[in-house]
Amino acid sequence: MRQACICLAAILVACTEPPAPPQRAATTAVQRGQAIYTRGISPSGGQILARVSREGPPVSATLLPCVGCHGADGRGRLEGGVSPSNIRWESLTRPYEATEASGRRHPPYSERSFRKAISLGIDPAGQQLLDAMPRFEIPRADTDDLIAYLQSLSLRADPGVSAEELRIGFVAPEEAEQAEDGRAARAAVEAFFTEINRGGGIYGRRLSLSFALLPSAPEERVAALRRFIDTERPFAVLGMVLGGAEDSVSTLFDEQRLPLVGALSASPRPESAERRYVFYLQSGVAEQAQVLLGDAMKEKGSTARIALVRPEGEEPAQLSGRLASLGRVQGVGGLTEHVLTAGGEEALVAELSRQRVDAVLLLGSWGRENALWQAFSRVSWAPLLLIPGALLSDGELPPLGNRANRLRLAFPASPSERTPEAMARYQRLATTAALPSEHLPAQLSALASALVLVEGVVRSGHDLDRERLVDALEGLRGFKTGLLPPISYGRDRRLGSRGAYVFTVGSDGSVRPLGSWVELP
């Protein structure tokens, strides 16, 4: 049944998607073979077809590339109860009889028997391969290139890893405040790595850290990041603040097959299945806003009138529309969307006051001096004001005077998550390495990312490579750093802690939590 479903899905996609354009000819057989293996594209300009079962109709191999089942390292990845073979060339051609996970035994492969296996589904012993293995219609020249690529897998070592060292990158924006956060975070991570190294490292490998400050402009940041990767050649990168460059940075890390662990962003992109190498640490604006909507419903009921207020722009519009749809699914009957234009603050607040809305969810970043807050202060109407913490300008609260208790904020972490054991460890590091007393949240966030990375490295085992690290991180479930809410990743999940805490502000300006952690489904 599962195979039939896979086949049907492939047919439906094949009917709705045009074939991928031919890839520009690569310069070597290995590069051409990589295009075939990872994307199912024939560099020669032809088309590679695949059959999901012996009777199934052919579909484009772009829908069923080798990497999907055998992994980027060729070792195979368990999926749906099926254990794909290790197809690294040295494994296929070992000079003795091999036994597969299914119990099937066969002599070693040769180039000739390999061609027969991928085209006819027959192993060197003349036995049929599992139906889960597609049969490919592929030109001989492309098969030769594919073999060259498989032969290269065992010869390549990932950058930044050797028998003695594991080199990790750490970058931060060069803007003044964020640069200070970055330097403090770097010092904390270096102290943590030093402690690990004193204990013998990880599987005998010493951890080292390469650091750089990157330009604040998104386009300049990506170029500088590429130079940093080319120069330092890290095995992985730790805890980067993406800030406005999410798509281009994610594309770069995917191109490089370079894990980014603990990425921070107001707008994480965890849903895309194409973004395999970027692991976000905490929720952004969308998740925080969703938690605030649920909290308002809890307080005001499903009949609550809630206004979503956003600035102009495509991204705020998409976010507002997504939240409106979620709210309606959850049963909120009174959701309205409003665009705040420059100079339109008084009119918008007056209109919302006339409508007597119960809550206003603000989906833009407005500073303390903005006319919006002045407009709110001049009306007697006092709705709940809902603000995702990721949107607060420099972490400053708006001036709401004695109506501050009507403010609801959402943050992805709370000091209540910090366990005595974790803070005692931090204090030990701070004392030993003379860490700065300022920028504590940045230091603790970086340490949490480092703990996640180290856990992934330990789970990967001694024979470490980037693909094993990615697979190990995908296996984290409820991992406790002692500093942040538990971290979970998966094949289709790249957001470590998906939820937020809700806070309110007292008349004295103190910020206090209204409840416990809210985990989103």
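Just so you know, all these numbers are worked out from the coordinates, no wet-lab data involved. Worth saying up front: this structure is predicted, and the values here are computed from it rather than measured. Ideal geometry is used to build each Cβ from the backbone, glycine not excepted, and the neighbour counts take in all protein chains shown.
Observations, loosely collected:
- Each DSSP beta bridge with both residues in the chain is either parallel or antiparallel, and the antiparallel ones are about 35%.
- Toward the positive end of the charge dipole of the chain, with +1 on the Cβ of Lys and Arg and -1 on the Cβ of Asp and Glu, the farthest Cα among 514, 302, 409 is that of 302.
- Kyte-Doolittle mean at least 1.0, axial Cα span of 27 Å or more - DSSP H helices of the chain: 440-460
- Relative protection proxy for 140-150, 195-205, from highest mean packing down: 140-150, 195-205 (other beta-carbon atoms within 10 angstrom).
- Label-to-label distance, nm, for residues given as residue 127 and residue 163 (7 Å Cα→Cβ offset): 3.7 nm
- The equivalent ellipsoid that matches the C-alpha gyration tensor of the chain spans semi-axes of 48, 29, 20 angstrom, in descending order.
- In the chain, helices alone account for a calculated mean residue ellipticity at 222 nm of -12000 deg cm²/dmol, with every DSSP H run of four or more residues adding -39,500 (n - 2.57).
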